[in-house]
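The values are calculated or read from the model by the stated rules, or taken from the named source; none is laboratory data. Since the structure is predicted, the reported quantities are computational estimates derived from the model, not experimental observations. Positions of Cβ are generated from backbone atoms using ideal geometry, with glycine treated the same way; all protein chains shown enter the neighbour counts.
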Amino acid sequence: MATTASTPAHTTLASVTLEVADLDAARRFYRAFGVDAYVRLRASEAPSTGFRGFTLALTVSGPSTVDGFVAAAVAAGAAVLKPAAKSLWGYGGVVQAPDGTIWKIATSAKKDTGPATREIDEVVLLLGVEDVKATKQFYVSRGMTATKSFGGKYAEFAPGRSASVKLALYKRRALAKDLGVPAEGTGSHCIVLGSPADAFTDPDGFTWQHAATPAPTAS
């Protein structure tokens, strides 16, 4: 009886692995920061200089919760790149973990409507890319569904059913400016993205590997 080839798995963001030089120290930091359930960690000595081309963004309920996460990160060893402050869109700040990963913590609320919590509403992985439209089309061609798109400036994709981190694209220089760092950088991104689909590398050099499980687990 004739058989048919199986349909390739569509790309979805199933896990985010940060490559760090000191695995034990990174575990302690992310546990204290309160985001260890959202990332995996892997020891690596891959050289990396300057901006690594991405950030992980936390959306929380209010300004006091932003302040709490920033304070926890700083107490655990993070450096403040942009102090938490009000802006036209809300309130937020940017910190850099000891391993070099940049985290943005923000809320659309300008005033607290309740007490501070340690709850995270959403985690978004923002990839800084040279051509948002082209990279968006690349991911769409691999089966991802774009849910938001603002011309050549920003694009966002629907998360997988079990994914705890959403994928989005932003112009590299605009992302670096928003984070308060120079856009230049060389070497490894120090991040590996997991997907049920086959391994591949996107147009901006971000690497994806086959992930056997559908969602990240605490390190």
Review point. So is GLY53 surrounded by 18 or more Cβ atoms within 10 Å (Cβ to Cβ), within 20 Å of LYS177 (Cβ to Cβ) and touching an Asp or Glu at 6+ places or on another chain (Cβ under 9 Å) or not?
Key: yes
Exercise for review: Go through the stretch 57-107 and give me each residue that's under 25 Å from GLU45 (Cα atoms) and among the hydroxyl-bearing types (Ser, Thr, Tyr).
Suggested key: THR101
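More than 16 Å from the chain's Cα centre (by Cα), at pLDDT below 95 and assigned to a loop (DSSP other than H, G, I, E, B) - does that describe any residue in the stretch 154-161? Explain how you work it out, then say what you get.
Step one: filter the stretch 154-161 for residues more than 16 Å from the chain's Cα centre (by Cα), giving 161.
Keeping just the survivors that are at pLDDT below 95 gives 161.
Remaining after also requiring assigned to a loop (DSSP other than H, G, I, E, B): 161.
Yes: the stretch 154-161 contains one or more residues that are more than 16 Å from the chain's Cα centre (by Cα), at pLDDT below 95 and assigned to a loop (DSSP other than H, G, I, E, B).
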Check your understanding: For LYS166, are the conditions met, namely being of a type outside the set (Val, Ile, Thr) and more than 14 Å from the chain's Cα centre (by Cα)?
Key -> no
Check your understanding: Residue check, THR186 against (1) within 26 Å of TYR30 (Cβ to Cβ); (2) without any contact (Cβ under 8 Å) to a residue 40 or more places away in the chain; (3) of a type in the set (Ser, Thr, Tyr), all met but one. Which one?
Key -> (2)
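Residue-by-condition table, conditions (1) buried (at least 17 other Cβ atoms within 10 Å of the Cβ); (2) free of Cβ contacts under 8 Å to residues at least 60 places away in the same chain:
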| site | (1), (2) |
| --- | --- |
| ASP121 | no, no |
| LEU126 | yes, no |
| GLY143 | no, no |
| LYS166 | yes, no |
| LYS177 | no, yes |
| ALA199 | no, yes |
| PRO203 | no, no |
